[in-house]
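The values are calculated or read from the model by the stated rules, or taken from the named source; none is laboratory data. Note that this is a predicted model, so its numbers are computed, not measured. Reconstructed Cβ throughout: ideal geometry from the backbone, glycine too, with neighbour counts over all protein chains shown. These area figures cover heavy atoms from the full protein model, side chains too; ligands, DNA and RNA do not enter into them. Shrake-Rupley method; radii C 1.70, N 1.55, O 1.52, S 1.80 Å.
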Amino acid sequence: MLQIAFIRENQEKVIKALAKRNMDAKTIVEEVVQLDEKRRATQVELDGVLAESNKLSKDIGDLMKSGEKSKATILKEKTILLKEKSKDLAEKAEIFANELTQKLYTIPNLPADIVPVGKTPEENLNVFQEGDIPVLHEGALPHWELVKKYDIIDFELGVKITGAGFPVYKGKGAKLQRALINYFLDKNTAAGYKEMQVPHLVNEASGFGTGQLPDKEGQMYHDATDNLYLIPTAEVPVTNLFRDVILNENELPVLCTAYTPCFRREAGSYGAHVRGLNRLHQFDKVEIVRVEHPDKSYEALDGMVEHVKGILQELKLPYRILRLCGGDMGFTSALTYDFEVFSTAQERWLEISSVSNFETFQANRLKLRFKDKDGKNQLAHTLNGSSLALPRVLAGILENYQTPEGIVVPEVLRPFCGFDIIN
């Protein structure tokens with residue numbers, strides 16, 4: 001959530017920045033500024049009434065001590081009227097504050113200066129590409145055919161148990177999935193990230209804290225009885241570990257990693273781009289989260305990008321990095337880099353990671369602060385990235401490593417799964 005003081009003092013700048021997201025923000029900016037003015041004016045009036053009431057209470061005490069009860073009685077009647085007025089003003093101020101907060105919840109983060117202008121994914125900027133695209137043998141198959149051939153993932157069984165988008169991993173498929181999770185976690189912890197195990201259900205406050213609510217409410221599975229949400233990413237519970245926390249400056253940066261299943265109510269669509277592992281309602285992901293000093297968050301973002309690059313280099317998958325344009329960025333992000341692997345069998349790029357800097361946007365909602373060297377509380381910067389999302393990484397491995405004899409396991413994964421080929 002943007003800070004109201006920043007919006008109030010930089011209205012044109014905010015409107016111009018949000019135009020990069022193809023959003024006409026003039027009306028909403030004017031509305032929040034007007035609500036803030038009403039809230040502040042009401043608070044000033046309330047403070048004045050409370051100050052007058054406090055003064056009268058002191059005067060009543062002095063009059064009672066001096067035996068002037070009749071004068072004290074007159075003042076008591078005034079304090080009763082002031083208490084009623086203060087109650088009305090407090091309720092009015094709370095209404096304005098709540099309306100203001102709800103308006104602020106609808107405003108996305110401001111894109112960083114280097115975010116390219118654009119409306120669609122086709123306008124994202126390719127900033128890096130590495131790895132040779134393999135030449136596959138004649139008769140090479142997409143992963144949804146390979147998993148049937150080698151009986152390692154069963155989509156039909158998932159439909160039987162739950163529904164579409166909930167696959168069942170079997171035998172070497174399950175072991176390869178587990179190998180990827182352990183490999184990713186080991187890489188992350190070796191880089192200094194502290195491993196966490198977190199709940200897979202979160203409360204409403206957590207959803208609002210990281211910005212999934214109210215923006216992504218329709219995409220989250222919701223248990224209405226207990227008002228809990230299945231997590232769409234480990235970013236939500238991990239970042240909320242620091243909700244309402246004030247860190248000391250010397251505790252920064254904070255680095256965490258976690259493996260969780262993730263749940264998303266994706267809109268139904270058809271075609272090869274959503275077949276098999278390309279889009280699921282439940283999938284596994286290993287996440288990295290950082291809490292950073294504002295002066296160092298973009299250096300940290302670059303470090304996260306290099307970290308994910310290192311993993312893909314070890315997996316020997318062809319990949320590229322895109323800097324997302326304003327129209328394709330997530331609601332909470334100030335700058336996002338997407339990683340995509342090339343699926344040779346599908347002849348298309350598959351997104352497997354997003355690495356983002358949210359600056360103070362999440363921290364403002366979370367009230368996540370640090371005490372600077374002058375003893376003042378400042379909002380921290382939060383960052384997160386997929387390291388990595390498993391379904392499309394697995395799809396890329398299955399398709400790019402297929403041979404007539406079977407699917408070769410990337411060398412770096414063999415110690416984790418105990419076999420070198422699926423045949």
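Return only the number of the condition from (1) open to solvent by 60 Å² or more (accessible area, probe 1.4 Å); (2) without any contact (Cβ under 8 Å) to a residue 12 or more places away in the chain that LYS119 does not satisfy. With (1) open to solvent by 60 Å² or more (accessible area, probe 1.4 Å); (2) without any contact (Cβ under 8 Å) to a residue 12 or more places away in the chain applied to LYS119, the lone miss is (2).
Please enumerate the residues belonging to the range 35-45 that are surrounded by fewer than 19 Cβ atoms within 10 Å (Cβ to Cβ), in contact (Cβ under 8 Å) with a residue 40 or more places away in the chain and over 15 Å from ARG8 (Cβ atoms). Can you show your working first?
Of the range 35-45, the ones surrounded by fewer than 19 Cβ atoms within 10 Å (Cβ to Cβ) are 37-38, 40-41, 43-45.
With in contact (Cβ under 8 Å) with a residue 40 or more places away in the chain added as a condition, the list becomes 38, 43, 45.
Within the range 35-45, GLU45 is the sole residue that qualifies.
Of all residue pairs spaced 6 or more apart or on separate chains, those with beta-carbon atoms under 6 Å, a first member in the range 148-159 that is at pLDDT 95 or above and a second member that is in a helix (DSSP H, G or I) and surrounded by 17 or more Cβ atoms within 10 Å (Cβ to Cβ) are ILE152/LYS172; ILE152/GLY173; ILE153/VAL147; ILE153/GLY173.
Selection of the range 205-219 for residues being in contact with a helix residue (DSSP H, G or I) (Cβ under 7 Å, 6 or more places away or on another chain) and either without any contact (Cβ under 8 Å) to a residue 40 or more places away in the chain or not hydroxyl-bearing (Ser, Thr, Tyr) (or both) yields SER206, GLY207, PHE208, GLY209, GLY211, GLN212, LEU213, PRO214.
Only one entry in ASP295, ASP284, ASP244 is of a type outside the set (Val, Ile, Thr) and at positive phi, namely ASP244. For the range 36-46, the criterion of a residue being part of a helix (DSSP H, G or I), closer than 30 Å to VAL117 by Cβ and modelled with pLDDT of 95 or more is satisfied by at least one position.
Of LEU157, LEU136, LEU180, all but one fail to be closer than 26 Å to PHE419 by Cβ, over 20 Å from the mean Cα position of the chain (by Cα) and surrounded by 17 or more Cβ atoms within 10 Å (Cβ to Cβ); the exception is LEU180. Report yes if VAL202 is part of a strand (DSSP E or B) and either without any contact (Cβ under 8 Å) to a residue 60 or more places away in the chain or open to solvent by 20 Å² or more (accessible area, probe 1.4 Å) (or both), otherwise no. So VAL202 passes the test.
Pairs meeting the criteria (first residue in the range 93-106 and within 13 Å of PHE208 (Cβ to Cβ), second residue loosely packed, with under 15 Cβ neighbours inside 10 Å and of a type in the set (D, E, K, R), beta carbons under 8 Å, at least 6 apart or on different chains) are lacking.
Highlighted here are the strands (runs of 3 or more DSSP E) found entirely within the range 235-318 that include at least 1 residues which are under 27 Å from ARG414 (Cβ atoms): 254-263, 282-292.
Per the conditions (1) modelled with pLDDT of 95 or more; (2) more than 19 Å from the chain's Cα centre (by Cα); (3) open to solvent by less than 40 Å² (accessible area, probe 1.4 Å), the sole criterion not satisfied by VAL274 is (1). The residue that is nearest to the chain's Cα centre (by Cα), counting only those in the range 1-34 that are in contact (Cβ under 8 Å) with a residue 12 or more places away in the chain and within 15 Å of ASN364 (Cβ to Cβ), is MET1.
Please enumerate the residues belonging to the range 160-173 that are part of a helix (DSSP H, G or I) and either basic (Lys, Arg) or surrounded by 17 or more Cβ atoms within 10 Å (Cβ to Cβ) (or both). I'd like the intermediate steps shown before the answer.
Residues of the range 160-173 part of a helix (DSSP H, G or I): 160-161, 172-173.
Matches in the range 160-173: LYS160, LYS172, GLY173.
Scanning the range 50-83 for residues that are closer than 30 Å to LYS38 by Cβ, surrounded by fewer than 16 Cβ atoms within 10 Å (Cβ to Cβ) and among the β-branched types (Val, Ile, Thr) yields a total of 1.
Does VAL168 qualify as being in contact (Cβ under 8 Å) with a residue 12 or more places away in the chain and within 20 Å of the chain's Cα centre (by Cα)? No: the conditions fail for VAL168. Evaluating LEU241 against the criteria (1) in contact with a helix residue (DSSP H, G or I) (Cβ under 8 Å, 6 or more places away or on another chain); (2) surrounded by 17 or more Cβ atoms within 10 Å (Cβ to Cβ) leaves one unmet condition, (1).
Consider only pairs whose beta carbons are under 8 Å apart and that are at least six residues apart or on different chains; among these, list those whose first residue lies in the range 314-327 and is closer than 18 Å to LEU398 by Cα and open to solvent by less than 10 Å² (accessible area, probe 1.4 Å) and whose second residue is charged (D, E, K, R) and modelled with pLDDT under 95. Short answer, once both residue conditions are applied: PRO318/ASP132.
For the range 84-104, name all the residues that are farther than 22 Å from PHE361 by Cβ, open to solvent by less than 40 Å² (accessible area, probe 1.4 Å) and of a type outside the set (Ser, Thr, Tyr). I'd like the intermediate steps shown before the answer.
Taking the range 84-104 and keeping what is farther than 22 Å from PHE361 by Cβ, we get 84-96.
Adding the requirement that they be open to solvent by less than 40 Å² (accessible area, probe 1.4 Å) leaves 86, 89, 93, 96.
Within the range 84-104, LEU89, ALA93, PHE96 meet the criteria.
Checking the condition within 30 Å of GLY327 (Cα to Cα) and either hydroxyl-bearing (Ser, Thr, Tyr) or open to solvent by 60 Å² or more (accessible area, probe 1.4 Å) (or both), which residue from ILE107, ILE114, ILE28 passes?
Values: ILE107 fails: either hydroxyl-bearing (Ser, Thr, Tyr) or open to solvent by 60 Å² or more (accessible area, probe 1.4 Å) (or both); ILE28 fails: either hydroxyl-bearing (Ser, Thr, Tyr) or open to solvent by 60 Å² or more (accessible area, probe 1.4 Å) (or both).
Step by step, each of ILE107, ILE114, ILE28 is checked, and only ILE114 is within 30 Å of GLY327 (Cα to Cα) and either hydroxyl-bearing (Ser, Thr, Tyr) or open to solvent by 60 Å² or more (accessible area, probe 1.4 Å) (or both).
Scanning the range 343-354 for residues that are crowded, with 24+ Cβ neighbours inside 10 Å and either within 12 Å of the chain's Cα centre (by Cα) or among the β-branched types (Val, Ile, Thr) (or both) yields a single hit, ILE352.
Among strands (runs of 3 or more DSSP E) entirely within the range 368-423, having at least 1 residues that are open to solvent by less than 10 Å² (accessible area, probe 1.4 Å) singles out 369-371, 381-389, 406-408.
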